[in-house]
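Asks: Could you have a look at this structure, given as C-alpha cells, before my questions?
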Amino acid sequence: MGRFKPHSTAPVPERAILVGVDLGNSEWSCEESLAELARLAETDGAEVVLTMTQRLDAPVPKTFIGKGKVEELCSYVRSLNADVVIFDDELSPSQQANLERIVGEPVKIIDRTALILDIFGVHAKTHEGRLQVQLAQLQYVLPRLRGMWSHLVGEQTRGGIGSRFGQGESQLEVDRRLIRSRISTLRRELERLERRRGVQSKARWDSGVYRVALVGYTNAGKSTLLNRLTGSDVYVRDELFATLDPTTRALDLDEGRKITVTDTVGFIQKLPTMLVESFKSTLAEVRAADLVLLVVDASDPHRELQIDAVRSVLAEIGADSIRSVTVLNKCDALSPEELRQSLVAHPDAQAVSALEGTGMRGLLYRIAQEAAAGSVTMTVLVPYEKGLLMKMVHERCQVIRESYVQGGLLATVKADERMARTLAPYAASEDDAGDEGAHGQEGRLVEDVDREGVAPDEG
C-alpha cells in the first residue's frame, strides 16, 4: 500500500474575484456591500481571493465596468487562477455575455442575484421551498438563454432552400418554450400550495390564536430565538440564509393564552425582486401575523442599515402596517455602554440574547402585553354543554378568575374583539356571579383560580 498516495475527496472551493461599482447612490458603502457579498460567497463554498472596485457615475452599458477595469480583471483572473467572477450588482444578459466572451472560458461570470439563488437552491429543504427557488432560477435564466446553440448558426447563413428554418434558432426557441412551460407549471403548483396555506392560515385566524412572525436580516438569530421561546429544535447555523422554509411553533404564555410563533426567511439588501415574487406564499405568513418581531443583530455595526433593508421588504410585501416590536438580539456580545446606546436609539426595543437566554421573560411579557392590547375584560357564564366554547375560553382568553357553578363555567376573562363578540350572548354581571356561586354550594365544586400575569424581571 506504500506505493499508493491517498488523495483527498473533499471538494476544492472555487476561487472567486468580487467586483463592485460605487455609484454613490446607496446608503451602503461599496466596501460594506462587498464585505456582505464576500460572506455570501463563503456561504456558497467559494474562497475570495481578490476584491475590485471602481467609481462610476453610471454603469457602462456594454460591460458594466470600464474598459481598463475589464483588462485589469482579465489579468487578475489569469494570475490568480480564478474560477468565478462575482459582481455585486445585477448584470444585464448582454453585459454578462460580453464579459464571458472577454474573460474567456472556463471562468464563470455571475452577479449577486445568481449567487443568492444558488445559496437558496442549496438550503431549500421542503417541497414548496424547492419549487419557489426553481421558479426564481428559471425566471433568471430565461432572458440569458443565448449562445448555447451558436455552433448551429451557420446553418442559417448558407442561403438556399430551407435556410429560413435554421436549427440554432429552432433549438433556442424550443428551449425557451420548455422553460416558459416549466415556469407556468411551477406557478400553478405554487398557487395550489398557496391556497392550501391560505386555508391553514384562515383556520388559525378562525381559531383566534394570536400569531407572531419573526422577521429580520439574514443571520440575525431568528431561528435561535424561536428555539429559545418555544423549546423547539429548528436548524440553526452561523451562515446566511440557513432558514428558507417557514416554521411555526406553539407557545403558551404565562396567563394561559396560546399563541403561534413563525420563523421566516431572512432578508438582505438588494434582495432580488424575483425572489420576493417567488416566495410570496411564504411571506404571506408575515402579512397574516398579528405581531411582527423585528429581530436585529445588535452586535452588527451595520444594524441600522439592516433595519432599513428589512422595513423596505416589509413595505414591498404590504406588511409594514402590522404592529411590530424591535428585538435587539445578541446583546451578550455588547459592552454595557454599547447596550445603553442601542437602547437609547431604540427606546421601545427589547434587548435579549437568544443564545444565552437573557431577557426572555421580558420579551414574553411584552408579547403578552401586545396580545392583550385592545382586549376587554368581561364576566361570562358558559353552559356545561358548550364544551368547545369552554375550550376556546381557556385557549384564546386570559382567564383572570373562574368558578364552576350550577349553570356552567363562570369566568372573568380578558378577550380580544372577535372573542368578545362570541362570548357576548353569555355575558354575566358580578351580581350574577354571586348568585350563581350561592346556588352552586349544594354538592358542586366551586373553584377560584387566580391567574394574574407575572411582571418581567430586570435581567
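Asks: Filter the range 407-419 down to residues that are at pLDDT 85 or above and open to solvent by 10 Å² or more (accessible area, probe 1.4 Å) and give me whichever is nearest to Ser375 (Cα to Cα).
Replies: Checked the range 407-419; the qualifying residue nearest to Ser375 (Cα to Cα) is Thr412.
Asks: State whether one or more residues within the range 328-348 are closer than 30 Å to Pro272 by Cβ and either in a loop (DSSP other than H, G, I, E, B) or more than 27 Å from the chain's Cα centre (by Cα) (or both).
Replies: Scanning the range 328-348, I find at least one residue that is closer than 30 Å to Pro272 by Cβ and either in a loop (DSSP other than H, G, I, E, B) or more than 27 Å from the chain's Cα centre (by Cα) (or both), so the answer is yes.
Asks: Kindly indicate whether Glu105 is out of contact with any strand residue (DSSP E or B) (no Cβ under 6 Å at 6 or more places or on another chain) and within 24 Å of Ala309 (Cα to Cα).
Replies: Numbers: out of contact with any strand residue (DSSP E or B) (no Cβ under 6 Å at 6 or more places or on another chain): yes; within 24 Å of Ala309 (Cα to Cα): no.
The answer is no for Glu105.
Asks: To continue, here is another question. Does Val77 count as under 18 Å from Leu99 (Cβ atoms), crowded, with 17+ Cβ neighbours inside 10 Å and more than 32 Å from the chain's Cα centre (by Cα)? Show your work before the answer.
Replies: Values: under 18 Å from Leu99 (Cβ atoms): yes; crowded, with 17+ Cβ neighbours inside 10 Å: yes; more than 32 Å from the chain's Cα centre (by Cα): yes.
Judged against the criteria, Val77 is a match.
Asks: If the requirement is being among the hydrophobic types (A, V, I, L, M, F, W, C), more than 25 Å from Gln134 (Cβ to Cβ) and modelled with pLDDT of 90 or more, which of these qualifies: Ala16, Ala41, Ala82, Ala10? If you could, list the steps in order and put the result at the bottom.
Replies: Values: Ala16 fails: more than 25 Å from Gln134 (Cβ to Cβ); Ala41 fails: more than 25 Å from Gln134 (Cβ to Cβ); Ala10 fails: modelled with pLDDT of 90 or more.
Of Ala16, Ala41, Ala82, Ala10, the one residue that is among the hydrophobic types (A, V, I, L, M, F, W, C), more than 25 Å from Gln134 (Cβ to Cβ) and modelled with pLDDT of 90 or more is Ala82.
Asks: Turning to a different aspect of this structure: Quickly run through the range 84-111 and pick out the residues that are open to solvent by less than 30 Å² (accessible area, probe 1.4 Å), touching a helix residue (DSSP H, G or I) at 6+ places or on another chain (Cβ under 6 Å) and closer than 22 Å to Glu277 by Cβ.
Replies: Asp88
Asks: Quick one: in the range 359-387, which of the residues that are at pLDDT below 85 and not in a loop (DSSP other than H, G, I, E, B) is most open to solvent (accessible area, probe 1.4 Å)? Don't jump to the end; show me each part of the working.
Replies: Restricting attention to the range 359-387, the residues satisfying the condition of being at pLDDT below 85 are 371-376.
From what's left, not in a loop (DSSP other than H, G, I, E, B): 371-372, 376.
Working: Ala371: 6, Ala372: 28, Val376: 67 Å².
Among those that are at pLDDT below 85 and not in a loop (DSSP other than H, G, I, E, B), it is Val376.
Asks: Can you run down the residue pairs with Cβ atoms below 6 Å, 6 or more apart or on separate chains, where the first is in the range 49-73 and charged (D, E, K, R) and the partner is in a helix (DSSP H, G or I) and buried (at least 16 other Cβ atoms within 10 Å of the Cβ)?
Replies: Lys62/Asn98
Asks: Moving on to the next point. Looking at (1) closer than 15 Å to Leu363 by Cβ; (2) at pLDDT below 80; (3) open to solvent by less than 20 Å² (accessible area, probe 1.4 Å), which one does Leu226 not meet, given that it meets all the others?
Replies: (2)
Asks: Hey, Ser170 hits all of (1) at pLDDT below 85; (2) touching a Ser or Thr at 6+ places or on another chain (Cβ under 8 Å) but one; which does it fall short on?
Replies: Exception for Ser170: condition (2).
The values are calculated or read from the model by the stated rules, or taken from the named source; none is laboratory data. It should be emphasised that the depicted structure is a prediction, and the values quoted were computed from it without experimental measurement. Glycine also receives a Cβ, built like all others from the backbone with ideal geometry; neighbour counts cover every protein chain displayed. All accessible areas refer to the heavy atoms of the entire protein, side chains included, with ligands and DNA or RNA removed. Shrake-Rupley method; radii C 1.70, N 1.55, O 1.52, S 1.80 Å.
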